[in-house]
Amino acid sequence: MSWPRAALAMLVAGLPAAASAQTDQTRLYDAYIASKPYMDWVSDRLNEMESPVLLAQCPKIKVTGRENSFVNQDARFAPGAAAPQSGQWVDRLSIDRCGKSATRNIQVTARGNDKLYGAAMIPGRTATSPLLQHDAYQVAAAKARIHAGCHDELYVVDSAVAGRFIPGAPWKEDWTFLGCDKATVMALTFTPSSRGGSTVEAQVK
């Protein structure tokens with residue numbers, strides 16, 4: 001298909017403007033997630049989402065910095081808006097737990113009217129998505145309960161990639177569960193499927 005010269009000229013002329021608009025939105029996002037109101041909001045949500053077993057050890061956590069931000073859906077700001085009107089991202093933050101350093105993750109969704117919604121994710125530096133975390137928890141927690149010999153609620157209190165994480169390749173993680181009056185470390189293996197998603201295997205470490 002050939003493009004009319006005028007239409008092609010308009011398309012080419014519009015490219016810099018589109019790129020500039022994207023850059024402006026990215027700049028607004030970067031400034032927003034670094035702002036004090038946003039960081040205060042994140043701190044409040046993380047304290048609300050902290051598991052009971054960890055709150056028993058330290059009643060209040062303090063955000064000390066950001067480790068990374070993973071964008072699932074680009075944030076979009078309306079002119080003059082104080083917060084994004086849409087978008088979704090995962091914030092990975094460094095925290096202080098009564099003198100001990102740790103990592104917390106929160107999935108944030110913007111839905112207009114300057115409203116943000118936070119969803120808890122497991123602590124630590126896991127490479128899993130929110131959906132995969134849910135599935136992996138079911139597999140790992142079931143085996144952790146058998147090992148612990150009780151049916152109490154188990155909470156993931158830390159996670160870490162074991163070895164290297166390469167997108168699209170199998171990877172391993174260690175998840176630490178707390179409950180049943182003990183800590184249980186589970187070794188998880190994630191194997192991406194060609195049909196999408198990943199299979200999960202778990203065993204006590």
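Highest mobility in the GNM of the chain, judged by mean-square fluctuation with C-alpha springs under 10 Å and restricted to 182, 172, 143, is found for 182. Just need log10 I(q)/I(0) for the chain at q = 0.19 Å⁻¹, Debye formula, equal scatterers on the alpha-carbon atoms, no solvent, rounded to two decimals. Debye intensities relative to I(0), on a log10 scale: -1.33. The calculated 222 nm mean residue ellipticity attributable to helices in the chain amounts to -10500 deg cm²/dmol, summing -39500 (n - 2.57) over DSSP H runs of n ≥ 4 and dividing by all residues.
Overall, the anisotropy analysis places segment 19-109 in the prolate class: the square-rooted eigenvalues a ≥ b ≥ c of its C-alpha gyration tensor yield a/c not less than 1.5, with a/b exceeding b/c.
Specify the angular offset, from 0 to 90 degrees and rounded to the nearest 10, of the alpha carbon long axis of helix 130-148 from the longest principal axis of the alpha carbons in the chain. Its long axis makes an angle of about 0 degrees. Computed from Cα positions, the angle between helix 36-49 and the longest principal axis of the chain comes to roughly 30 degrees.
For the residue pairs 60/205; 60/143; 60/172; 36/60; 62/205, the alpha carbons lie more than 28 Å apart in 60/205; 60/143; 60/172; 62/205.
Between the listed residues 165, 129, 85, the Cα displaced farthest toward the positive end of the dipole of the chain, a dipole computed from Cβ unit charges relative to the Cα centre, is found at 165. Considering segment 103-162 at the alpha-carbon level, its Rg and Dmax are found to be 14.3, 48 Å. Using the Cβ atoms and a cut-off under 15 Å, what net charge is assigned to the surroundings of residue 47, where Lys and Arg are +1 and Asp and Glu are -1? Taking every other residue near residue 47 into account, the sum is -1.
Read-outs throughout are calculated quantities, based only on the coordinates presented, and are distinct from any laboratory measurement. These numbers come from a predicted model, not from an experiment. Neighbour counts are summed over all protein chains in view; Cβ atoms, including those assigned to glycine, are modelled from backbone coordinates with ideal geometry.
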